[in-house]
Amino acid sequence: MAATFFNSGDRQVPGLYPENMGREGFFINLQAIASYFLGTRAVGAASRSALFGVLTVRTIYLLVSALLTVRIALFASFFVATSYWHLMLSRMGTRAITAPFFLTLALYLLLSVSSACAGASLSWSG
C-alpha cells in the first residue's frame, strides 16, 4: 500500500482533508456532528472544545489522584480549570484542546494498567 502511494502521482492520504491544510478528520467530524445537532451558531462551534476542556479537567483529576492524594488532585484540577491557556484553547474552538485530554487519558490508562495489569485498559491506552 505504501509503495503504491509513493509511486502514484496522487499524494492525497486517505482520512486527511486537503481543503483544511491536510489535517486529520477527527475534529472536523466532531464539528460536523455538533453543527448538525446544535446548529451553526457559537454554541455549536464551541461545544466540542468546551467538552474536551471539561473532560481534560476530569482526566487530570483521575491521573493525579492515582499518582498522589485526592487533595492534590483537586488542586491540580482547579489550577488546570482556571489556567489562562486551558481556558483560551477551550474558548477559541481549536483542535489543540484535544491534545491534553488524550495525553492525560493515555497516561492514566497506562498507570492503571501498570498497577492492575488489566488487558482492557492496556488496549485502550494505546
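The values are calculated or read from the model by the stated rules, or taken from the named source; none is laboratory data. Quick caveat: nothing in here was measured; it's all calculated off a predicted structure. Positions of Cβ are generated from backbone atoms using ideal geometry, with glycine treated the same way; all protein chains shown enter the neighbour counts.
Could we say that Leu105 is crowded, with 17+ Cβ neighbours inside 10 Å, modelled with pLDDT under 85, under 17 Å from Leu30 (Cβ atoms) and among the hydrophobic types (A, V, I, L, M, F, W, C) here? No: the conditions fail for Leu105.
Scanning the range 55-91 for residues that are under 18 Å from the mean Cα position of the chain (by Cα), hydrophobic (A, V, I, L, M, F, W, C) and loosely packed, with under 13 Cβ neighbours inside 10 Å yields Trp85, Met88. Of the residues making up the range 27-45, one or more are modelled with pLDDT under 75, aromatic (Phe, Trp, Tyr), part of a helix (DSSP H, G or I) and surrounded by 12 or more Cβ atoms within 10 Å (Cβ to Cβ). If you filter the range 92-114 down to residues that are under 11 Å from the mean Cα position of the chain (by Cα) and among the aromatic types (Phe, Trp, Tyr), you find that the one that is farthest from Leu51 (Cα to Cα) is Phe102.
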